[in-house]
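Since the structure comes first, as structure tokens, the remarks are kept for the end.
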Amino acid sequence: MDDYRELLLLRAARETGVLDALVSTADTPGEVAEQAGVTERAAEQTVGALVDLGFLEWVGGAVQPTNRMLGFVTKTDVRSVGSLPRALDVAGALVDLPDAMQSGDPAAFGVDDETARRNRLGAAAARDTADVRAAVTAAVREHPEADSVLVVGDDAGQHAVEFARRGFDAALRHETDVVDALRPLLAPEPVELVAGPVPEPVDADADLVVLPHALAERSDEEASEVLAAARESASEDGGVVVAIDTFGSDPGLTAELLATTTGGAVREPETVAAWFEDAELADTGTADVPGTGYGVVAGRRRAVQ
């Protein structure tokens, strides 16, 4: 949704209970007004807008949800959630950004933690497949002889899956609640799931340790901890750590991170490269991921003297 007014209307429909009414038993504007406690004018015009946007369709004298509404109906399979519920969560946080700027605390999303988590995973699962493939290709370029890959903090596991489908021995490290949510999704894939804190190392001895979009959302201190753990997870025989993220300038993402995290930021690649060096990762270099807005920072493990 490119028009912020449409996004905020949809957020208002979610916050007032209009969406809940529409995906349960309400099938006319009058029933929506009664169940959600909104005015008849609000119900009629919101229902009309949702029809125009493709979330509802008229069948006879009643409205029914379309497949586009699916992300608001089910959260079981994160692939069905899509990116829009997360966009609404972020929109709400941005509305409250002035308070967050004064207090230093990001706003609550207006949904419970589990729903917010699955919305985030759903948005990650909706990431452009071409971007994922380009990112994996860029990571492989940093260590063409690699056989084993540990992917850390990959919210929907698409990068780990792409590595596995290319013939790599692939494992995915993420928090336990995320792994539990992804387990049914990744069950058919040859990806080992390793549940545990992202900032803690894995006994993987991996040729490649890849961090896709795992640093920007974290504070400087947290990101440094993730890098230190990645180094310990990499093979002592020249294992390579690769961070794939948005670097440089992205005002929209900057606003999102300011509103939704306690310390996340869009950073210059040179800043992250310095963290690599602090983590005893040598031969550090930066590059772009062709065809995307992402960049790469990579470094090779070296023994601490």
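Every number in this text was worked out from the coordinates using simple rules, so none of it is lab data. Being a predicted model, the structure only gives us computed values, none of them experimental. FYI the Cβ positions are ideal-geometry reconstructions off the backbone, even for glycines, and counts take in every protein chain you see.
Summary table below
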{"item": "Cα-based helix-to-principal-axis angle, 269-278 vs the chain, degrees rounded to 10", "result": "50"}
{"item": "Net length gained if the chain between Glu44 and Asp147 were fully extended (0.36 nm per residue, minus Cα distance)", "result": "31.3 nm"}
{"item": "Cα-centred dipole magnitude for the chain, charges only on beta-carbon of K, R (+1) and D, E (-1), debye, nearest 20", "result": "700"}
{"item": "Rounded Å value of the spacing that divides the Cα centres of the stretch 285-303 and the stretch 137-182", "result": "16"}
{"item": "Dipole moment magnitude, nearest 20 debye, the stretch 4-69 about Cα centre, only Lys, Arg, Asp, Glu C-beta charged", "result": "260"}
{"item": "Longest exposed-site-free window of the chain, the sites being GluC sites (Glu not before Pro) in a DSSP loop that have at most 13 other C-beta atoms within 10 Å", "result": "1-144"}
{"item": "Inter-label distance for Asp250 and Arg5, nm, one decimal - labels placed 7 Å from Cα along Cα-to-Cβ", "result": "2.9"}
{"item": "Extension gain from Asp112 to Arg302, taking 0.36 nm per residue of separation minus the Cα-Cα distance", "result": "64.1 nm"}
{"item": "Within the chain, percent of DSSP bridges classed antiparallel, to nearest 5", "result": "45"}
{"item": "Amide H contacts under 5 Å for Val296, placed H, 5+ residues apart", "result": "Ala287, Asp288, Val289"}
{"item": "Whether the stretch 129-301 is rounded, prolate or oblate, judged on the alpha carbon gyration tensor where a/c under 1.5 counts as rounded", "result": "rounded"}
{"item": "Selection from Thr66, Val38, Val78 lying farthest towards where the dipole of the chain points positive, charges on Cβ", "result": "Thr66"}
{"item": "J(HN,Hα) series, the stretch 142-151, from Karplus relation 6.51 cos²θ - 1.76 cosθ + 1.60, nearest Hz, glycine and proline x", "result": "6, 7, x, 8, 5, 10, 10, 9, 10, 9"}
{"item": "Among Leu215, Leu22, Leu121, residue whose mean-square fluctuation peaks in a GNM of the chain (springs only between Cα atoms under 10 Å)", "result": "Leu22"}
{"item": "Backbone HN-Hα couplings from phi across the stretch 97-103 [Karplus 6.51/-1.76/1.60, Hz, Gly and Pro as x]", "result": "4, x, 5, 5, 5, 7, 8"}
{"item": "Charge dipole magnitude, Cβ of K and R +1, D and E -1 - the stretch 13-109, Cα centre, debye nearest 20", "result": "340"}
{"item": "Other-chain or far-sequence residues with amide H under 5 Å of Gly17's (modelled H)", "result": "none"}
{"item": "Among Gly71, Gly263, Gly167, residue whose mean-square fluctuation peaks in a GNM of the chain (springs only between Cα atoms under 10 Å)", "result": "Gly167"}
{"item": "Quotient of Cα Rg and 2.2 N^0.38 Å for the stretch 110-181, N being how many residues it contains", "result": "1.21"}
{"item": "Anisotropy class of the stretch 244-305 from Cα gyration tensor, a/c 1.5 cut", "result": "oblate"}
{"item": "Of Val179, Ala234, Val132, farthest towards positive along the dipole that unit charges on Lys, Arg, Asp, Glu beta carbons give the chain", "result": "Val132"}
{"item": "Computed [θ] at 222 nm, helices only, for the chain once each DSSP H run of length n ≥ 4 contributes -39500 (n - 2.57)", "result": "-13500 deg cm²/dmol"}
{"item": "Residue order, fewest to most surrounding Cβ atoms within 10 angstrom, among His159, His213, His143", "result": "His213, His143, His159"}
{"item": "Low-density loop cleavage sites - trypsin sites (Lys or Arg not before Pro) in the stretch 50-120, where at most 10 other Cβ are within 10 Å (DSSP)", "result": "none"}
